[in-house]
Structure formats: C-alpha cells, structure tokens
Amino acid sequence: MTPQVQTLLNHLKAHGSISQAEAGLIYKIRSLPRRISDLKELGHNITRELKKDATGQRYARYTLVPPPAVPKVGDRVKVVSEGYEAKSRIFDIQYYTKGMTGKVIGTHSDGDYRVAFDNNPNQDNGSLWVSKQDLEVIA
C-alpha cells in the first residue's frame with residue numbers, strides 16, 4: 001500500500017468521509033478517485049455521493065462503509081434472506097425466513113450459527129443452523 005493510500009485509509013477510518021478539496025489541501029492527494037479505486041481493489045467498501053457546496057458547485061464525497069458486524073454467541077440477530085436447515089437424510093427440513101429474529105447460541109467451524117428464534121413454529125428443538133450470509137447483528 002502506498003503512503004497516500006495508507007494516509008487516505010487512516011483518514012476514512014478516523015473521520016468516515018473525505019472530498020477532493022480536503023484530500024488536496026490536507027494531504028496533497030491530487031488524484032483522489034484513483035486512490036479510492038486503489039482502496040476498493042484492496043477490498044474496502046467505499047461509496048460516492050454527489051453534493052453541492054454553498055455556491056452551488058458540485059463535488060463528490062467518499063465514505064468508508066464499515067464491514068458488517070460478525071455475530072458472536074449471545075448476540076441478537078435478524079435473518080436477511082430465506083434459507084433452510086436439512087436436519088437429517090430423511091428430508092426433515094426446517095425453514096427460517098427473512099425477518100425472523102433470535103439469539104445466537106452456538107457456532108460451527110464452517111462459520112454457520114445456531115440461532116434460537118423468537119416464536120418460530122417450524123422448530124422442534126428450539127433452534128436452527130443459519131448460514132452466516134443470511135444473518136445481520138441487531139441491537
């Protein structure tokens with residue numbers, strides 16, 4: 001990572017966003033869109049919002065989007081996509097649906113989570129395994 005890219009990432013982590021004017025004046029970064037592209041190539045999620053200043057001049061503000069929180073045992077979670085759990089080879093399948101909420105009660109080495117859902121009529125034993133990509137941590 002070049003010094004400019006590292007400086008830009010440090011700024012985004014500390015302040016959340018930056019504009020071309022700020023990057024040029026504060027850090028002497030003349031090609032902010034190229035440095036943003038460098039960060040995106042490294043896997044950082046950065047959004048661009050077009051804005052207008054007090055004089056009507058348009059400019060872009062770049063914002064670092066933090067990665068989603070990784071669930072831990074005890075966290076409250078919400079299902080963000082449909083899924084199912086195949087409990088056995090005899091086709092005993094139970095479903096979890098988008099919007100269901102519950103509490104993480106365990107984890108698996110493959111990254112899936114055991115969730116005890118609130119008022120889930122589909123479960124026999126009180127919990128289901130849920131794919132990690134199907135969950136979001138809630139407050």
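The values are calculated or read from the model by the stated rules, or taken from the named source; none is laboratory data. Worth saying up front: this structure is predicted, and the values here are computed from it rather than measured. Because the Cβ atoms are built from the backbone with ideal geometry, glycine has one as well, and the counts that use them run over all protein chains shown.
Can you give me the number of residues within segment 51-83 that are part of a strand (DSSP E or B) and under 22 Å from the mean Cα position of the chain (by Cα)?
To start, the set of residues in segment 51-83 that are part of a strand (DSSP E or B) comprises 51-52, 58-65, 76-79, 83.
Among the residues that remain, those that are also under 22 Å from the mean Cα position of the chain (by Cα) are: 61-65, 76-79, 83.
Number of matching residues: 10.
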Query raised in the report: Within the set of pairs 6 or more residues apart or between chains, which connect a residue that is over 13 Å from V79 (Cβ atoms) inside segment 113-139 to a residue that is part of a loop (DSSP other than H, G, I, E, B) and modelled with pLDDT of 85 or more with Cβ atoms less than 9 Å apart?
Result: R114/V73; R114/H108; N119/M100
Query raised in the report: Is there a residue in segment 80-90 that is in the same structural domain as V115 (by TED's automatic domain parsing), at pLDDT below 95, loosely packed, with under 13 Cβ neighbours inside 10 Å and among the aromatic types (F, W, Y)?
Result: no
**Report entry** Neighbours by Cβ (under 8 Å, 6+ apart or cross-chain): first from segment 64-84, farther than 20 Å from K98 by Cα; second assigned to a loop (DSSP other than H, G, I, E, B)
**Finding:** L64/G16; L64/H44
Requested in this report: Go through segment 16-37 and count every residue that is closer than 21 Å to P67 by Cα, free of Cβ contacts under 8 Å to residues at least 40 places away in the same chain and crowded, with 17+ Cβ neighbours inside 10 Å.
Outcome: 2
Report summary line: Expected single match for touching a Leu at 6+ places or on another chain (Cβ under 9 Å) and polar (S, T, N, Q) among S37, S17, S31, S109 is S17
